[in-house]
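> This is the structure, below, for whatever I ask next.
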Amino acid sequence: MHYSKHYSTSITCPACPICPTSSPFLTSSPYLTCQAVIDWRSRIAIPRFYRMKSVDYGKKRIRVVTLANATLEERVSLGHKLDDMLLDCSWKGIPCSPENFTKFYDSKLGNCYTFNSGQNEEQLTTHRPGSTHGLTLELFVQQDEYVEGMTEVAGFRVSVHHPSIMPFPEYNGLLVSPGFATDIGLRVLEVDRLPKPYGDCKADLKQGIEDDIYHQHYNITYNRKTCEVSCFQNEVISRCDCFDATYPNSLKVNRTVYPCEYINDVETQCMADIEMEHARDELECNCPLACRETTYLTSVSSSIWPSDAYESTLIEKMVKYNAEIRRHVVGENASDWTRRNMAKVEIFYDEFNYEHIRQDAAYTIPDLLSDIGGQLGLWLGLSIITIFEFFEGAWLLLAFFCSQSGNKTKRSEIDPGTKTT
């Protein structure tokens, strides 16, 4: 593993989805009551997986299933509109507008809006760190439109990701609260992993992803999270003959598939079995990590906003915005209402140093060939030496026998009876 730190004079900016924490509701639905959740849980006698979940979990699942029966246009119409919730926007001090955002629908959070998605225009870059060279948003929370008893948290979820992958704000989003200015500082982390035979990562992020439901809907590249979700969804469709409304339906199914109904005991049992297998990592999903991945390290800080000195200026600006805001900020509780419904967020690079982690092979093919050559050289050298030693030994042995034969011949030429003086 090799770690290095680099400096760049300009960095491409990530995509930044903004999602209200108040998801859309079908307020006229009889299913969206706490008693309906309790009744639903009591109906399930066998799958203990659901019985272990909280009422809030069941409430969210019922809400998702109920909304899944509506068309996408109906679901979008029930959610927050960017024109209503975006009070002010600037990028590096230059004003921006809702036209600079791309909308996508999340089954749990509703309408989400991504700045710098890269779909309609080139990705933005910045040349300096700091909040004055990033994205600044002033947002209207619209708490008066929250459905009583259904939404526990007020504010927004902000995610930061590479534009080529699918965001999941509910899982990795940062919470932006009303009454605060939230600063999100970024640092780039690039990770390079080795493919086979050294590792098991996926090198080509655009091939072999036809079954990825998010690729089918949004034409994104491979990501481990979308692969796991797609594996789960395809398993539900195959075994339960319905789809989990928490995630998009697969477009490769050549038949009409409806959302799994929580009031259907067979579908609920089937869903519970698959969710239990998924929780135990028993589903056969081949979802390796990507060989090359760009992530963003975040540091979050916040302070009370607006300050007492800026509050009157903010109220004057909001009065000019629309009639709904004007109706609330002219009363006696204008200050309290402002702090409960206004939020500010700044997203920027806090430094231009980016980190790079590269996975290196501990034993490469050249190393193997070098070792083989070394071993061959060693043993071949020993073999040649042995051959020469064999010939040398044979030569010495032959010389020995020849010398012994010569000595016998000389001794036979001398008469044993002859005396010498």
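Nothing in this text is a laboratory measurement; each read-out follows from the coordinates by a stated rule. Predicted model only: the values in this text are computed from it and were never measured. Here Cβ is always computed from backbone atoms with ideal geometry, including for glycine, and neighbour counts include all displayed protein chains.
> What is the sum of charges around residue 306, taking Lys and Arg as +1, Asp and Glu as -1, for the other residues whose C-beta is under 13 Å from the C-beta of residue 306?
Overall, the nearby charge balance is -2.
> Which aspartates and glutamates, on any chain, are close to residue 317 with Cα under 17 Å apart, when same-chain ones fewer than 8 places away are left out?
Hits, sequence-local ones excluded: 83, 84, 88, 138, 308, 336.
> For the residue pair residue 99 and residue 9, what label-to-label distance in nm results when each label sits 7 Å from Cα along the Cα-to-beta-carbon direction?
Computed distance between label sites residue 99 and residue 9 equals 3.2 nm.
> At a 10 angstrom cut-off on C-beta neighbours, averaged per residue, how do the peptides 214-223, 352-361 rank from highest to lowest?
214-223, 352-361
> Right, here's the next one. Quick one: of 108/225; 81/206; 92/206; 103/202, which pairs are farther than 25 Å apart, Cα to Cα?
81/206; 92/206; 103/202
> Same structure again: Based on the Cβ-Cβ distance from residue 311 to residue 144, what FRET efficiency comes out when R0 is 22 Å, to the nearest 0.05?
After rounding, the FRET efficiency stands at 0.65.
> Working out 0.36 nm times the residue gap between residue 286 and residue 265, then minus their Cα-Cα distance, what length gain in nm do you get to one decimal?
Taking residue 286 through residue 265 to full extension adds about 4.6 nm, to one decimal.
> Taking amide H positions as placed in the peptide plane 1.01 Å from N, state which residues far from residue 342 in sequence (5 or more) or on other chains have amide H under 5 Å from it.
141, 179
> Which aspartates and glutamates, on any chain, are close to residue 196 with Cα under 16 Å apart, when same-chain ones fewer than 8 places away are left out?
Straight-distance partners of residue 196: 204, 360.
> Compute the signed sum of charges (Lys and Arg +1, Asp and Glu -1) over the other residues within less than 15 Å, Cβ to Cβ, of residue 281.
Charge balance near residue 281 sits at -4.
> Here's another thing I want to ask about it. Can you give the local net charge around residue 292? Use residues other than it whose beta-carbon is closer than 9 angstrom to its beta-carbon, Lys and Arg +1, Asp and Glu -1.
-2
> Ranking 80, 133 by Cβ neighbours within 10 Å, fewest first, what do you get?
133, 80
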